[in-house]
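Q: There's a structure below that I have some questions on.
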Amino acid sequence: MADFQRATISGDLIEVPGLGPAAIKKMSSSSDDDEKVTNTFQLVGKFLMLKGPDEDGHKVESNEHMQKFWHWLAEKGISSHRSAIVLAIAEKMNTMMPGIYDPSDYDDDEE
């Protein structure tokens, strides 16, 4: 995860922690070309699109944004490591756009 955070984005989806060959295949297969995600830049773009605002002007806060991305991954058929993928993209984007992700929303509940 730390390597992904420090590195520049190459575009190869395999660089995203949590994404393996099966998940990448699911993301790139769709009958609608607009729904295909074939590189990291498109995945980041989808993440940013889900930030909103929604049609009614509702501001999408960090927690809701992460949930929307998690559910979008589920809709794409990604069944493993969804939370790790969300975290990886959210933390990467937060280094580029501070405030897009609030890690305090996800403090360990085990304490």
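The values are calculated or read from the model by the stated rules, or taken from the named source; none is laboratory data. The model shown is predicted, which means the values in this text are computed figures rather than measured ones. Note that we place each Cβ from the backbone using ideal geometry, even for glycine, and neighbour counts take in every protein chain shown. When the accessible area is computed, the model is the full protein with side chains, heavy atoms only, and any ligands, DNA or RNA have been set aside. Shrake-Rupley method; radii C 1.70, N 1.55, O 1.52, S 1.80 Å.
Q: Give the residues of the range 27-41 that are modelled with pLDDT under 95 and part of a helix (DSSP H, G or I), sorted by residue number.
A: Scanning the range 27-41 gives 27, 28, 33, 34, 35.
Q: Hey, can you tell me all the residues within the range 69-86 that are open to solvent by less than 60 Å² (accessible area, probe 1.4 Å) and either part of a helix (DSSP H, G or I) or among the charged types (D, E, K, R) (or both)?
A: Residues satisfying the conditions are 69, 72, 73, 74, 76, 82, 84, 85, 86.
Q: While we're looking at this one, here's another question. List every residue pair whose Cβ atoms sit under 6 Å apart, with the two residues 6 or more apart in sequence or on different chains, where the first one lies in the range 6-30 and is free of Cβ contacts under 8 Å to residues at least 24 places away in the same chain and the second, anywhere, is surrounded by 15 or more Cβ atoms within 10 Å (Cβ to Cβ) and assigned to a helix (DSSP H, G or I).
A: 24/13
Q: Report yes if some residue within the range 30-41 is open to solvent by less than 80 Å² (accessible area, probe 1.4 Å) and among the aromatic types (Phe, Trp, Tyr); otherwise report no.
A: Within the range 30-41, none of the residues are open to solvent by less than 80 Å² (accessible area, probe 1.4 Å) and among the aromatic types (Phe, Trp, Tyr).
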